[in-house]
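I have placed the structure first, in the form of structure tokens, so that the comments after it can refer back to it.
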Amino acid sequence: MRTALRIINEAMAAHRKACLAFSGGSDSVLLMDLIFRHTEHRPVVVFADSQMEYPETEAFCRTVCGHYGAEIHIARASHTPEEQWRRYGWPMMGKIAARKWMQRHTHRPLGFKIDVSTCCRMMKIAPARRLAKKLGCTLQFTGVRGASDDILRGFRAIKDGATHYVKADGLTVCNPLTGWTDTMGRRYRDKYDLPVHPSKARGAVTIGCVCCGGGSQFTISAFRLLRRTWPEAWWKYIVETRMGEIILAIKYDTHIDTVRESIDSLGGLETVARERPWIFDHTAADPLPGYEK
Ligand code: SF4
């Protein structure tokens with residue numbers, strides 16, 4: 001904890017106004033508590049509403065901010081997730097795997113693109129940073145933990161350190177929890193009895209976009225989870241947004257038109273989703289165990 005507080009104080013010494021990127025997830029609640037309980041700094045809070053959040057999220061964020069007396073601001077992209085996916089690529093398989101998949105399919109396109117990085121950037125990161133700058137902030141705290149989150153973040157933490165300037169956004173980003181393990185986080189949360197996002201009661205494992213295919217090739221794919229935690233949202237994404245077609249095209253490495261023909265021969269997407277919902281759980285026919293970090 002001492003290292004995290006040193007990182008926060010050093011960053012604040014160089015900036016007049018800061019914000020805290022807050023998602024309502026356990027790491028951002030922890031970071032808010034760390035700053036508001038153990039320092040005199042009072043950053044404003046920016047919640048990036050990806051438009052794919054559990055219905056309880058915004059109210060929970062407001063309640064937590066109210067508890068600490070933090071000023072909360074909501075950032076949203078000006079376009080919908082569906083517009084994002086159809087134009088730039090669907091959020092499937094994680095950043096590195098999606099890039100490799102696109103490289104493999106350059107000369108054999110399946111009728112759609114996948115791109116997790118651009119989705120995250122345009123639906124969450126950029127709107128939050130734009131709002132932060134509009135509020136006069138030059139520093140943004142985030143609850144990113146580096147290698148404990150995933151391999152890519154681990155590499156970035158090594159390359160950039162806990163605090164670094166992001167030229168594209170004109171903002172310094174500080175990740176005081178860099179290096180925190182799951183156990184460290186759990187101990188801190190238990191010690192201070194931090195509030196837990198109410199969607200955990202539905203069985204939600206992570207907070208944020210409910211229908212992200214970032215881990216869709218693994219057994220704990222969000223699609224499978226969403227079927228249980230929020231069936232109405234599952235139906236909206238898989239059937240109404242027709243994400244189900246994309247999942248099957250990746251799963252069977254088949255052109256989207258062929259998938260549509262097959263689905264039509266089985267009675268249409270609604271029928272298939274009602275009768276065999278599990279076929280949309282993963283983008284891999286044989287899902288990998290767990291979620292490789
Ligand atoms: S978490 Fe997934 S769905 Fe949400 S913004 Fe990032 S890539 Fe898109």
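Summary of computed values
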| item | result |
| --- | --- |
| Dipole magnitude (debye, nearest 20) for the chain, charges at Cβ of Lys, Arg, Asp, Glu | 920 |
| Contact order relative to length of the chain, as percent, for alpha carbon pairs under 8 angstrom and 6 or more apart | 21 |
| Cβ-Cβ FRET estimate between E82 and V196, R0 fixed at 22 Å, reported to 0.05 | 0.15 |
| Segments 55-63, 268-276 sorted - mean Cβ within 10 Å per residue, highest first | 55-63, 268-276 |
| Cβ-placed point charges (K, R +1; D, E -1), dipole of segment 29-104 about Cα centre in debye, nearest 20 | 600 |
| Among the listed pairs K17/K167; K134/K200; K124/K167; K17/K100; K95/K167; K124/K236, those beyond 28 Å (Cα-Cα) | K134/K200; K17/K100 |
| For the chain, accessible area per residue (1.4 Å probe, heavy atoms of protein chains only), Å² | 50 |
| Dimensionless Rg over Rh [segment 120-222; C-alpha; Kirkwood] | 0.98 |
| L288 long-range amide H proximity, modeled H, under 5 Å | F218, T219 |
| Relative contact order [Cα under 8 Å, 6+ residues apart], segment 219-293, whole percent | 45 |
| Helical mean residue ellipticity (222 nm; -39500 (n - 2.57) per DSSP H run of 4+; nearest 500) of the chain | -12500 deg cm²/dmol |
| No Cys partner within the rule (Cβ under 4.7 Å), the chain | C61, C65, C119, C120, C174, C211 |
| Those trypsin sites (Lys or Arg not before Pro) in segment 152-199 that DSSP places in a loop and that have at most 14 other beta carbons within 10 Å | K167 |
| Of all accessible heavy-atom area on the chain, the percent that carbon and sulfur account for (1.4 Å) | 52 |
| Computed magnitude of the charge dipole of segment 71-115 (debye, nearest 20; Cβ of K, R +1, Cβ of D, E -1) | 380 |
| Within segment 38-58: backbone nitrogen closer than 15 Å to the M1 label point (7 Å, Cα to C-beta) | 38-40 |
| Solvent-accessible ranking of R227, R129, largest area first, probe 1.4 Å | R227, R129 |
| Anchor K159: aspartates and glutamates whose Cα lies under 20 Å away (excluding residues fewer than 8 positions away in-chain) | E10, D149, D150, D169 |
| Highest-first arrangement of 228-235, 116-123, where packing means the average Cβ count within 10 Å | 116-123, 228-235 |
| For segment 89-209: relative contact order, % (alpha-carbon pairs under 8 angstrom, 6 or more apart) | 19 |
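The values are calculated or read from the model by the stated rules, or taken from the named source; none is laboratory data. Nothing here was measured: the structure is a model prediction, and the numbers come from that model. So basically every Cβ, Gly included, is an ideal-geometry build from the backbone, and we count neighbours across all protein chains shown. These accessible areas exclude ligands, DNA and RNA; they are computed on the full protein's heavy atoms, side chains included. Shrake-Rupley method; radii C 1.70, N 1.55, O 1.52, S 1.80 Å.
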